[in-house]
Amino acid sequence: MEVLKLGGSVVTDKNRAMAPNTEAIHRLAEEVLAAGPRPLVIVHGGGSYGHPLAKEYDIASGYTSSRQLLGFSRTHQAMVRLNALVVDSLLDAGVPAASVAPSSFIVTEDRRIADLNATVVKRYTDSGFVPVLYGDAVLDSERKFTILSGDQLAVRLALDLEAGRLLFGVDVDGVFTANPKLVPEARLIEELSLANARGMVKIGESLGTDVTGGMLGKVTEAAAAVEAGIEVRIVNALKPGVVRGVLTGEKVSGTRLRP
Ligand code: ADP
């Protein structure tokens, strides 16, 4: 079993509101097909679909006013639309994808997943489907609702489904010594041990400007999977052939997380 998380930076253009990266979505669907049938779960991020609305209505921090109810549903609907683009592309390519809405079966408690029954997802993969989930607006037992990141969801699914590998596809080659988008001389870290990553968390800025999300959030979430013995790789899903390559076990450049 493998879990493939496709970042919002991959499936959308983060610089324009509601802008899908149609080219990347189509290409990645072909790459998943080319990698051959396999027990695979795909989770994608929200990028410019989910985040602007979630921000406008401040959904992540939970309920403060009834006005947010519309915002919650709008955020979810935006993700449903993005998910439809991803699932349609997979179907067009010939991959038996099946959309599964996280908000319909996951409840968080203070923003962390509390209730998640992975039986349906498991059954889909057992039957040969590729379930496709996404970061979503979900109900929260303390805050009424919140935003569940695709990263948190992908890690939890990998744990519950006892996946052998968890693959993060992002818009950079992996984890660098500094944010490669800001620091041109940053170097790719091919093997990142969690101990070192924790050191970077302390330094904070050294791993990037985006503290909650971004690469630091991803590595922090992924730690639980690494500790459970799951192979975790971070690769560049915007580079043609990389996702197919990592799925089929070819040597591709990227970061491997180590305990
Ligand atoms: P996604 O939304 O695709 O899941 P994010 O945008 O959350 O991905 O995280 C990837 C981004 O993290 C990169 O585009 C990069 O700008 C940023 N980043 C910050 N620090 C680093 C770092 N040390 N190495 C790599 N990327 C980093």
Test: residue 140 is among the acidic types (Asp, Glu) and over 16 Å from the mean Cα position of the chain (by Cα): yes
Residues (out of contact with any helix residue (DSSP H, G or I) (no Cβ under 9 Å at 6 or more places or on another chain) and either more than 17 Å from residue 8 (Cβ to Cβ) or touching a residue at least 40 places away in the same chain (Cβ under 8 Å) (or both)) located in the range 53-71: 61, 64, 65, 66, 67, 68, 69, 70
Determine which member of the set 126, 115 is of a type in the set (D, E, K, R) and under 22 Å from residue 35 (Cα atoms). 126
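Read-outs throughout are calculated quantities, based only on the coordinates presented, and are distinct from any laboratory measurement. The structure displayed is predicted, hence computed values, not measured ones. Quick reminder, even Gly has a Cβ in these numbers, built from the backbone with ideal geometry, and neighbours come from all protein chains shown.
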